[in-house]
Each structure stands twice: as C-alpha cells, then as structure tokens.
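Reading through the structure tokens given below for one structure.
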Amino acid sequence: MSIFNHKEIVVASLGCPAILPRALLQPAREVEGVRIGGLANRTVSKAKALAEEYGIAKVYDNFEQLVHDPEVHLVYIALSNELHEEWTVRAAKAGKAVLVEKPICSNLTEWERIERAAEEADVQIWEGLMVQHHPWQHTLRSMIEDGRYGRLLKTETRISFTPKDNFRGNYRSNPTKGGGVFRDLGCYWLQFIQAIHGLEGGRFSGQSDFAGPNGCDWTFHAKAAFPDGLKSTFIGSFEMPYKSKHVCHFEQATVTLGDFFRANVGHYKIRLTIEWLDGGHREHIEFDPMNYYTNQLRAIRDALRQGKPSEPFNQVKERIVIADTIYQSALQDISRRA
C-alpha cells in the first residue's frame, strides 16, 4: 500500500518560470489531495511574489533547502534544460518523487544517471509531457488498431509560434543551455507517434539551418519511416505563425487534430475531424473541456497513491535516444552543407 493513500501530497517547485502558474499553481487548486508547499528561484523576490499571490507558505533560500525539506514529497523541476538532469538526480537522491519539465534530459548518458538515481532511491520520476494525459491519444490509437479507416499511411505534425522578443535572454535561445525549437517542441511529435503507433524500428532524421539566435535551430524539419510503411513528418518553428496540428492520413479518411495546444492554457474542448476520402463527408469527435496540466497532476497524484508509475521508464528512454539521434543528424547535415 502506498504511503500516499490517505496523505496529502506536498509539491514544491525548483524555478519560477512564466509557465509555472498554468503548469502547476493553478492546477493544484483543482486536484484534491495535492498542495503547493514551497517555491525556490534564483531570484528570490520572484518566488516571494508568486508565493504571496498564490498563498504558498514557504520560499526557500536555495534549491538544496527545497530538495531536502522533509515535508516535500514531489519536486517540480522548471529550470532551463541543461539543469534538468542535475537537479532530477539530486532530488531523487533526497528521496523525492520528481516531475521534470520536458525534455527531461538531452541524451542517453544523462538519462542513465536519472534512471539509476530513481531506482536506487525507489522514487518515481515523470517527464512533463502533459498532452499524454488526454483521451484523444487513446482514441487515435483505437482508430488505427480497429482499422475503421483502413491502414494509417502518413502523419504530419506542425507546432509553431513566434515567441515574444524572440526568446531574448531565455534559455531557448542559448544552445549551451539546451535551446532551440526541436529540444522544446520535438518531444511532442515523438510522444504522439509513440502513443498512437510506436517508435520501434523507425528510421529518423532531422534538418535545420540553425539560423536562430546564437546558432540555435529556429525552424526544424524531421521525418521518420517505419517497417510497416508508415511515414511521419514534423515541422517545429519559432519563426512561423501559430499552429499546433496533427494530421493522420488513412487509406479511407484523413483525421485532423487541430489546435491541440489549446488545452495547454485552460479548460478547452479538443476536437478530431474525420474527412472521408470518398466524397468528403465529415464527422467530428469532440472531447469535454479539459486542461492538460490538471490531467497531468491528477495522473501523478494517482500514480503516487497506487505506488506505480503512470509511464514506463523505457518509453521515456526511447524518446530521449531518438530525439538526440535526430538532433545530431541535423548537426551532421548542416556540417556537410557548410
């Protein structure tokens, strides 16, 4: 029996980025049995301001105080990408469960250190890919498995937006801190393919001009081909207008999930549009309004109570390895073209 069956789960955040209120502080108000216990940030005044706004009792002087606080059960790591592995390992060694903003790390070596720390401390660790906690993924997979529209032939994914001030001063515009669009958004494409089809056996490649700030990839193209004939493409961009769309091309119909990031900013409906190829007849599958981050926090609460992870480690590892392979292939490609 989990110690959390009849116990409030106390969460504390390492880092106070702009996403923190909608990714954790607001969802915690909606998830019974979860409480925000404290905040830590390099700029302590920012943590104090958020703590006052959200009624959070504790602000820590430094990160070490937070991870060693005996009252904290779950550490949320919302730091820049290059710090994810270090503080995930430190929190795990302190006996804390950990939720890490995506990407959880950048390569297999970092992942192996995280996995080892989690196993040795017997704690659960999650990568914060909040979209995986919405039923649209199961619905799409069931369409493929039952063959109602014939065989899945191709998928196309585009995630793009133009960031405020071009992410000036943000880790996303610094390659040494794990910046660039693929590190930020490519994980959503990989998790999508993994959830509806699987990634095993795929051949992956990437391409970018690396023409963003400081040599970051600001637009990135990736593709995958699988033994069963499925082909998949991805475009991620910090230069193109906003779009978040998955398109699945079946033998008999096209299924589109448009504006799927909408449930990232509040409780919104997500809709699948099915357009039959024989005459263009359309159908819709609409899901009740949901918030990705609320779903994620609820899933983590339940996993802690049940004493088992909501996602197997091997799935996280698979994404990390493939993402690094794709990124390295893009670096090799630009080197060849230079």
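The values are calculated or read from the model by the stated rules, or taken from the named source; none is laboratory data. For clarity, every value in this text was computed on a predicted model and none was experimentally measured. Because the Cβ atoms are built from the backbone with ideal geometry, glycine has one as well, and the counts that use them run over all protein chains shown. All accessible areas refer to the heavy atoms of the entire protein, side chains included, with ligands and DNA or RNA removed. Shrake-Rupley method; radii C 1.70, N 1.55, O 1.52, S 1.80 Å.
Of everything in the stretch 185-202 that is more than 15 Å from R158 (Cβ to Cβ) and of a type in the set (A, V, I, L, M), the residue that is most open to solvent (accessible area, probe 1.4 Å) is A195. Identify all residues within the stretch 29-56 that are hydrophobic (A, V, I, L, M, F, W, C), open to solvent by 10 Å² or more (accessible area, probe 1.4 Å) and under 25 Å from G266 (Cα atoms); write none if there are none. Of everything in the stretch 29-56, those that are hydrophobic (A, V, I, L, M, F, W, C), open to solvent by 10 Å² or more (accessible area, probe 1.4 Å) and under 25 Å from G266 (Cα atoms) turn out to be V34, I36, A49, L50, I56.
Among the residues of the stretch 94-122, the one identified as more than 21 Å from S80 (Cβ to Cβ), among the charged types (D, E, K, R) and surrounded by 15 or more Cβ atoms within 10 Å (Cβ to Cβ) is E115. Yes or no: Q207 over 30 Å from R336 (Cα atoms), among the polar types (S, T, N, Q) and modelled with pLDDT of 95 or more? No, not satisfied. Restricting attention to the stretch 140-154, does a residue exist that is open to solvent by 10 Å² or more (accessible area, probe 1.4 Å), part of a helix (DSSP H, G or I), modelled with pLDDT of 95 or more and polar (S, T, N, Q)? Scanning the stretch 140-154, I find at least one residue that is open to solvent by 10 Å² or more (accessible area, probe 1.4 Å), part of a helix (DSSP H, G or I), modelled with pLDDT of 95 or more and polar (S, T, N, Q), so the answer is yes.
For the stretch 126-135, the set of residues classified as out of contact with any Asp or Glu (no Cβ under 8 Å at 6 or more places or on another chain) and either surrounded by 22 or more Cβ atoms within 10 Å (Cβ to Cβ) or within 26 Å of V89 (Cβ to Cβ) (or both) consists of L129, M130, V131, H133, listed by residue number.
Of the residues S80, S160, the single one that is farther than 19 Å from K317 by Cβ, surrounded by fewer than 21 Cβ atoms within 10 Å (Cβ to Cβ) and in contact with a Pro (Cβ under 7 Å, 6 or more places away or on another chain) is S160. Considering only residues that are more than 19 Å from C105 (Cβ to Cβ), polar (S, T, N, Q) and buried (at least 19 other Cβ atoms within 10 Å of the Cβ), which ones fall in the stretch 295-338? N295 - this is the single residue of the stretch 295-338 that is more than 19 Å from C105 (Cβ to Cβ), polar (S, T, N, Q) and buried (at least 19 other Cβ atoms within 10 Å of the Cβ). Taking the stretch 203-222 as the region of interest, how many residues are open to solvent by 20 Å² or more (accessible area, probe 1.4 Å) and touching a helix residue (DSSP H, G or I) at 6+ places or on another chain (Cβ under 9 Å)? Qualifying residue count for the region: 10. One residue stands out in the stretch 239-254 among those that are charged (D, E, K, R) and outside any strand (DSSP E or B): the one that is nearest to S160 (Cα to Cα), namely E239. Under the condition of being open to solvent by 80 Å² or more (accessible area, probe 1.4 Å) and touching a Leu at 6+ places or on another chain (Cβ under 6 Å), the residues counted in the stretch 253-294 number 0. Of all the residues in the stretch 106-136, those that are touching a residue at least 12 places away in the same chain (Cβ under 8 Å), in a helix (DSSP H, G or I) and under 21 Å from H68 (Cα atoms) number 7. Just to be sure, is D324 in contact (Cβ under 8 Å) with a residue 24 or more places away in the chain and over 24 Å from the mean Cα position of the chain (by Cα)? Criteria not met by D324. Please work out if G178 is more than 26 Å from L257 (Cα to Cα), open to solvent by 10 Å² or more (accessible area, probe 1.4 Å) and in contact with a helix residue (DSSP H, G or I) (Cβ under 6 Å, 6 or more places away or on another chain). The answer is yes for G178.
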